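Below you'll find the structure, written out as structure tokens, and then a few comments.
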Amino acid sequence: SQQGEEDPQALSIQEGENATMNCSYKTSINNLQWYRQNSGRGLVHLILIRSNEREKHSGRLRVTLDTSKKSSSLLITASRAADTASYFCATDKNDYKLSFGAGTTVTVRA
Amino acid sequence: NAGVTQTPKFQVLKTGQSMTLQCAQDMNHEYMSWYRQDPGMGLRLIHYSVGAGITDQGEVPNGYNVSRSTTEDFPLRLLSAAPSQTSVYFCASRPGAGGAGEKLFFGSGTQLSVL
């Protein structure tokens, strides 16, 4: 069964606004990763946060991890049209089976 | 480097036919895997390999076979295609077989329709 679940399923924002999406998971993890998928393409890795980290930044991306609540959030600041994509969280339990959620579809309106 | 290359990009099969989806990587990655992506269900792991000659099952292995005779190639075989196998298939690899802490590199996918 899938480990991670993203919320919301879909998100529509105006260019320049921030987008926040959440990921909840069920069992202890080693790390959590976020990926982006543009329509019809393969997934691209965005950022990885380890279980002993609470927050991580990469450019306009900010990821938080709360292991006590088994949840993570991805914030995209100052969104652009190019950020329109689906975003997936993936949990890694160090068992060779990276488990993906169903994703959040983000639409950035010009 | 080409990265992870999947062929074909599109395929239509009739129920009962067999076929092989090809995946090759030129990054000398030990770990390779196959996922299927269905609407509303995210990606589900079919099979994975931690090195040449070593394969194991993922979450949804039924109806699929894999082999890993070389580090570079990890083909996925559909033995007798069924409409339930209509999906988009992704191959992904990562450098080490050690597991945690490494990102996956994905191919561009194969869209398969089984009629």
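The values are calculated or read from the model by the stated rules, or taken from the named source; none is laboratory data. Quantities reported herein were computed from a predicted structural model and do not represent experimental measurements. Using ideal geometry, Cβ is built from the backbone for each residue, glycine included, and neighbour counts are taken over all protein chains shown. Surface accessibility is based on the protein's heavy atoms, side chains included, excluding ligands, DNA and RNA. Shrake-Rupley method; radii C 1.70, N 1.55, O 1.52, S 1.80 Å.
Would you please name the residue that is nearest to B:SER87 (Cα to Cα), looking only at residues in region A:1-44 that are hydroxyl-bearing (Ser, Thr, Tyr) and over 14 Å from the mean Cα position of the chain (by Cα)? Spell out how you get there, then give the answer.
In the first step, residues of region A:1-44 are kept if they are hydroxyl-bearing (Ser, Thr, Tyr); the result is A:1, A:12, A:20, A:24-25, A:27-28, A:35, A:39.
Checking which are over 14 Å from the mean Cα position of the chain (by Cα) leaves us with A:1, A:12, A:27-28, A:39.
Details: A:SER1: 18, A:SER12: 26, A:THR27: 28, A:SER28: 30, A:SER39: 15 Å.
That would be A:SER39.
Please specify each residue of region B:1-18 satisfying the condition of being more than 10 Å from every other protein chain (Cβ to nearest Cβ), under 24 Å from B:SER69 (Cα atoms) and part of a strand (DSSP E or B).
Result: B:THR5, B:THR7.
Taking only region B:61-78 into account, find how many residues are crowded, with 18+ Cβ neighbours inside 10 Å and within 14 Å of chain A (Cβ to nearest Cβ).
Of the residues in that region, 3 qualify.
Out of all the residues in region A:33-41, is one or more free of Cβ contacts under 8 Å to residues at least 12 places away in the same chain and within 11 Å of chain B (Cβ to nearest Cβ)?
From region A:33-41, those free of Cβ contacts under 8 Å to residues at least 12 places away in the same chain are A:40-41; that's our starting set.
Imposing the further condition that a residue be within 11 Å of chain B (Cβ to nearest Cβ) reduces the set to A:40-41.
Yes, region A:33-41 contains a residue that is free of Cβ contacts under 8 Å to residues at least 12 places away in the same chain and within 11 Å of chain B (Cβ to nearest Cβ).
Any idea which of B:GLN22, B:GLN37 is open to solvent by 10 Å² or more (accessible area, probe 1.4 Å) and under 10 Å from the mean Cα position of the chain (by Cα)? Before you say what the answer is, go through the steps one by one.
On the way: B:GLN37 fails: under 10 Å from the mean Cα position of the chain (by Cα).
From the options B:GLN22, B:GLN37, the qualifying one is B:GLN22.
Among what's in region A:93-110 and is of a type in the set (D, E, K, R) and outside any strand (DSSP E or B), pick the residue that is farthest from B:ARG94 (Cα to Cα). Walk me through how you get there before you give the answer.
In the first step, residues of region A:93-110 are kept if they are of a type in the set (D, E, K, R); the result is A:93, A:95, A:97, A:109.
Going one step further and asking which of them are outside any strand (DSSP E or B), we end up with A:93, A:95, A:97.
Numbers: A:LYS93: 15, A:ASP95: 14, A:LYS97: 12 Å.
Residue satisfying both the conditions and the ranking: A:LYS93.
Where in region B:19-109 are there strands (runs of 3 or more DSSP E), lying fully within it, with 3 or more residues that are in contact (Cβ under 8 Å) with a residue 60 or more places away in the chain? Lay out the reasoning, then the answer.
Numbers: elements: B:19-25, B:31-38, B:42-51, B:54-57, B:64-66, B:76-78, B:87-94.
Per the criteria, B:19-25, B:31-38, B:87-94.
Quickly run through region A:58-101 and pick out the residues that are at positive phi, surrounded by 17 or more Cβ atoms within 10 Å (Cβ to Cβ) and modelled with pLDDT under 95.
Hit for region A:58-101 is A:TYR96, nothing else.
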